[in-house]
Amino acid sequence: MNRLFRRVLRDRTTMAGLILLSFVLLAALSAPLLSIDPAEVRIDRRLMPPSSDAWFGTDRLGSDIFTSIVLGAGITLLIAGITVAIGVLIGVPIGLVAGYYRNWFSDALMRIADIALAIPQIVLAIALTQAFGPSIKSVVLALSLTYWPLWARLVYAETRSIRNEIFIESAVALGVPARRVMVLHILPSVASSIVVRTSIGVGVTILAATTLSFLGLGAPPPTPEWGRMIAESREYLPEAWWYPLAPGMAIFLTVLGCYLFGDGLRDILDPRTRETL
Amino acid sequence: MRMRAEGVMSTWLSLVTNRLIWLPPTLLGLLAFVFVLSRVVPVDPAVLAAGENATASQVEEVRQRFGLDQSLPLQFIHYLRDVLHGDLGTSFYTRQPIVHDLIVRIPATLELALVAVLLAALFGIPLGVLAGLNRNSWLDHAVRLFSVFSLALASFWIALQLQFLFSMKLGWLPLSGRIDGFAPDAVTGFVVLDAVIAGDGELVVSALQHLVLPAATLALLTAATLLRFARNSVINVSTSPAVAYQSAMGLPRRVIVWKYILRMALSATVTQLGLSLGFLLTGSLVVETIFDWPGLGGYAVQSILYSDYNAIMGVTLCVGALFAGFNLLVDILQLAIDPRGEA
């Protein structure tokens with residue numbers, strides 16, 4: 001573990017990702033320290049270009065865009081965190097079981113995964129929004145219902161490929177119960193892939209969640225959401241060019257952080273594809 | 001040799017049969033899921049269908065006419081029976097048969113998705129292959145950087161920035177829509193082709209201009225995926241024992257690259273291409289909304305806004321079937337390139 005940690009520190013890609021993610025986390029954690037209320041309407045300050053007073057400019061209600069971005073970081077991370085946690089908790093066990101056994105049941109499990117993956121996320125999200133109203137809950141539900149197959153398929157494929165390895169077969173031959181084989185022998189071998197997929201999965205989830213909030217399916221105002229800020233800015237283009245710029249960059253840098261971290265981690269864990277960047 | 005060919009044929013057949021057997025249950029599951037979901041919605045479809053000024057008795061009449069007074073399982077079975085007869089019901093909103101609505105809109109979405117995939121493949125695959133063959137060169141670094149950057153960009157944001165730059169600021173390209181003025185007679189449903197058939201040069205240019213921004217938005221993401229895939233499979237094959245053996249045998253590099261590396265690497269990339277096409281279909285829903293593209297995406301959003309549940313189910317079935325169809329096509333294609341079987 002210590003060696004892994006030192007390799008992370010030496011690897012530039014992973015470090016770049018780690019630094020970006022730390023920034024976002026820091027922003028999310030420091031948000032409560034901000035003394036400004038984002039819901040406060042200050043018409044005299046509306047649609048001001050970036051200045052020393054408002055670093056990223058102000059929005060249609062006169063709120064400071066920088067403040068909104070910092071406040072939005074926590075919501076973005078919260079949505080992505082819960083969604084990915086649900087995805088892992090549903091997907092990993094299903095992938096393990098379906099990969100371990102070779103019968104109609106495991107086939108059926110993977111078909112269910114295919115169905116879930118084939119549901120257009122946006123369609124599901126809009127339907128859920130109608131049932132529960134636009135909220136973080138609808139977004140998390142729509143995304144986790146469609147994302148768990150990503151982990152299920154990964155774990156399924158990896159389990160299948162090591163199912164016939166000698167160390168697994170000998171465990172089975174020694175009479176180790178199936179559940180124990182899966183948790184103690186297979187799971188540790190596929191764990192590194194799960195970690196990598198999860199890091200990249202957080203990035204993918206953030207993109208999807210901001211897309212949903214862009215379409216007006218996320219939390220209603222005044223909750224500052226990056227996607228909705230971009231949607232609001234459409235009316236004020238091309239004059240207020242700064243309006244969509246900062247939220248877009250916030251999404252980009254956060255997702256980039258997840259991807260770089262995941263990519264770098266994969267290269268460290270699987271030396272075959274390692275490269276220098 | 002002949003025996004080998006027969007073996008390949010039978011693997012191919014069993015694979016395709018396996019996929020075809022699973023296709024109906026997959027679509028059935030998808031429909032059942034969306035059906036249940038659309039009935040959870042706390043909006044009474046009969047009230048919507050009857051119109052705003054309908055009296056209570058009119059609403060009841062509509063409820064009976066559409067069978068909305070029956071139990072849910074019964075409604076679902078009736079719906080399935082109709083689907084098997086090629087009838088997806090009538091839209092409460094457009095008052096047209098759903099099948100008609102879909103047929104009008106499918107070509108627009110397909111046109112956009114196909115152009116985007118084509119652009120992405122033309123751009124992404126060669127770049128990815130070059131990067132993979134020249135691993136760790138400056139080209140490789142640049143290509144990798146480009147790919148990870150584009151994957152991290154939100155497509156709706158890129159769409160907005162492209163609109164801002166190329167239509168609002170520079171005025172080079174149209175902001176939204178599919179064509180200026182009247183569309184040519186629909187022969188294929190693909191506006192560009194229809195304009196060519198109509199022989200109207202101005203319309204062809206207009207249709208192409210309208211395609212540029214939405215297609216570029218979609219292509220950027222797909223190109224980045226394809227590029228990574230092509231690069232990684234080239235590297236995987238290049239570092240395989242088979243290629244090491246061929247170099248040791250003194251085969252010229254050119255032969256190894258063209259005959260072995262590219263062929264094996266492309267098989268994996270083709271799979272990715274098919275998957276991308278499926279994801280493009282869903283991705284195009286957002287891009288269509290931003291560019292007012294009259295395809296399935298706009299239809300899906302509209303039908304959901306009006307609780308037009310027949311239309312919602314129709315769109316879902318349509319997208320699901322297209323998705324499954326592309327995946328099947330990919331399996332078949334992949335076997336043609338790499339006959340080792342079992343995908």
(message) Here is a list: B:R105, B:R95, B:R81, B:R144. Which entry is within 14 Å of chain A (Cβ to nearest Cβ) and among the basic types (K, R)?
(response) B:R144
(message) Just to be sure before I move on: is B:A265 of a type in the set (G, A, S), assigned to a helix (DSSP H, G or I), at pLDDT below 80 and within 12 Å of the chain's Cα centre (by Cα) in the structure I sent?
(response) no
(request) Select, from B:V315, B:V243, the only residue that is in a helix (DSSP H, G or I) and within 11 Å of chain A (Cβ to nearest Cβ). (result) B:V315
(request) Given the conditions (1) more than 8 Å from chain B (Cβ to nearest Cβ); (2) in contact with a Phe, Trp or Tyr (Cβ under 8 Å, 6 or more places away or on another chain), report the number of the one that A:L212 does not fulfil. (result) (2)
(request) Report yes if A:A231 is within 10 Å of another protein chain (Cβ to nearest Cβ) and either over 30 Å from B:L165 (Cα atoms) or surrounded by fewer than 22 Cβ atoms within 10 Å (Cβ to Cβ) (or both), otherwise no. (result) yes
(request) Would you check if there is a residue in the range A:61-73 being assigned to a helix (DSSP H, G or I) and within 14 Å of chain B (Cβ to nearest Cβ)? (result) yes
(request) Quick one: which helices (runs of 4 or more DSSP H) lie wholly within the range A:160-258 and hold at least 2 residues that are among the hydroxyl-bearing types (S, T, Y)? (result) A:187-214
(request) Output yes when any residue across the range A:181-196 is surrounded by fewer than 23 Cβ atoms within 10 Å (Cβ to Cβ), more than 30 Å from B:L305 (Cβ to Cβ) and within 10 Å of chain B (Cβ to nearest Cβ), and no when none is. (result) no
(request) Only one of these is within 18 Å of B:E288 (Cα to Cα) and under 20 Å from the mean Cα position of the chain (by Cα): B:F190, B:F123. Name it. (result) B:F190
(request) Look at A:E239 and say whether it is out of contact with any strand residue (DSSP E or B) (no Cβ under 7 Å at 6 or more places or on another chain), under 30 Å from B:K169 (Cα atoms) and not aromatic (F, W, Y). (result) yes
(request) Say whether the condition of being crowded, with 21+ Cβ neighbours inside 10 Å, away from chain B (no Cβ under 11 Å), in contact (Cβ under 8 Å) with a residue 12 or more places away in the chain and under 14 Å from the mean Cα position of the chain (by Cα) is met by at least one residue in the range A:156-169. (result) no
(message) Quick check on the range B:285-300. Is at least one of its residues among the aliphatic types (A, V, I, L, M), facing chain A (nearest Cβ under 10 Å) and over 30 Å from B:A50 (Cβ atoms)?
(response) yes
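The values are calculated or read from the model by the stated rules, or taken from the named source; none is laboratory data. These figures come from a predicted structure and were not determined experimentally. Cβ sites come from the backbone with ideal geometry, for glycine too, and all protein chains shown count toward neighbours.
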